[in-house]
Structures are given as structure tokens and as C-alpha cells.
1. Just for the stretch 123-149: of the residues that are part of a helix (DSSP H, G or I) and among the hydroxyl-bearing types (Ser, Thr, Tyr), which one is surrounded by the fewest Cβ atoms within 10 Å (Cβ to Cβ)?
2. Can you name the number of the only condition in (1) in a loop (DSSP other than H, G, I, E, B); (2) under 20 Å from Leu109 (Cα atoms) that Arg26 fails?
3. Answer with yes or no whether Ser79 is at pLDDT 95 or above, under 27 Å from Glu40 (Cβ atoms) and either out of contact with any His (no Cβ under 6 Å at 6 or more places or on another chain) or not acidic (Asp, Glu) (or both).
4. Please state which one of Trp22, Trp104, Trp99 is surrounded by 17 or more Cβ atoms within 10 Å (Cβ to Cβ), within 16 Å of Gly147 (Cβ to Cβ) and of a type in the set (Phe, Trp, Tyr).
5. Would the stretch 43-55 turn up any residue that is surrounded by 11 or more Cβ atoms within 10 Å (Cβ to Cβ), free of Cβ contacts under 8 Å to residues at least 12 places away in the same chain and more than 17 Å from the chain's Cα centre (by Cα)?
6. Any idea which residue in the stretch 57-72 is surrounded by the most Cβ atoms within 10 Å (Cβ to Cβ), counting only those that are in a loop (DSSP other than H, G, I, E, B) and without any contact (Cβ under 8 Å) to a residue 40 or more places away in the chain?
Amino acid sequence: MDQPIFWTGLLAVSVFAAVVRWSVGRPLLARHAIPIGRVELLVAGLSVLVLVFHCTAMFFGSWVDAVPGAVAPADAVRSLGTASQLSYWVPVVVLVSSWRRIWWPALALLIVTLTGVGVTMFWPYALATHLAWLAAAVLVGVFISVGLLRYSFSGARPSRRRPARLS
């Protein structure tokens, strides 16, 4: 863990944004927000967990290696080979697909930042460049989660249409 201020800052921003969203009780950019259902939320959440595992295996290897059964997948990630690329790019595509209906500038920004993370990870770039892209991707993901997603946990698929007035 060479960058404690970096990781602590990203964690603090994420927690602060979650607390703000929870206390407000609605998306911060309600005008541009879209409803997201259980399935989309589950798929996005799982893809984010895989991406978090990927980062954790790279930057916090000793922590991951202490978890029973995690050494082999973590070693595959750290090798930066085909398995590592698949475990990064597949969840990225899944995350973008599950959030495909969000406000298009935010989706474009998400695609650009996640591509920047992948390119600087698998091609020879300085660690500082990779960490800058990583921070940008985390901040964009937090921005989308807090500002642009309206969570809908009813059984029906969420609709963008407003209910008719009953007068």
C-alpha cells in the first residue's frame, strides 16, 4: 500500500457521496436521473465487485492473499495476461451495458475513464498516470451512482414515463 492518502481520499469521497445520497433520499441530478431496477443494479454491483477485486489484487496483494481461495485468481490478475484482461474488460462492458440508459455525457465519461484505466494498466504507463485514470473512473462512478440513478426495487421494470394525474 504505497499510496495511503490516495486510497483514503477515494474511500472518503465515496463514503461521503453515499451518505449525502442516503440523507437526500433521491438522485442529486434528478432532472437527468433514470430509474434502475433490481436486475440492472445487481449486474452493475457484481461488475463493480469484480473490478474492485482486480484493483485489490494488484495494489493490496498481501491482503487478498490472506483470503482462503483468493490466491489463484489474484495471481491471474497480477500476471496481466489474458485472464487479467478478461477480468477487467468483461466487467467494464457489463457495467457500461447495465448503465446504458444514463445521461449520455456521463456514460461517455464513464467509458473514457474506464478505457483510460485499462489502457494505462495493460500498456506501459507510469503508475501515477494509471492512478489518475483510476481516480477519475472512481469519481465518475460515484457521480453516476449518487446523481443519476433512481433505485427502483418494485417487481416491475422501471419506466421513464410519469404516472397520469388522477383528478
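The values are calculated or read from the model by the stated rules, or taken from the named source; none is laboratory data. Note that the structure is a prediction, hence the values are computed from the model and not measured. Here the Cβ positions follow ideal geometry from the backbone for every residue, glycine too, while neighbour counts run over all protein chains shown.
1. My answer is Thr129.
2. Unmet condition: (2).
3. So Ser79 does not fit the description; no.
4. After applying the criteria, what remains is Trp99.
5. The answer is no; no qualifying residue exists.
6. Filtering the stretch 57-72 for residues that are in a loop (DSSP other than H, G, I, E, B) and without any contact (Cβ under 8 Å) to a residue 40 or more places away in the chain, the one surrounded by the most Cβ atoms within 10 Å (Cβ to Cβ) comes out as Ala70.
Here's the yes/no breakdown for (1) modelled with pLDDT of 95 or more; (2) in contact with a Cys (Cβ under 8 Å, 6 or more places away or on another chain):
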| site | (1), (2) |
| --- | --- |
| Leu95 | yes, no |
| Leu114 | yes, no |
| Thr120 | yes, no |
| Leu134 | yes, yes |
| Gly155 | no, no |
| Arg162 | no, no |
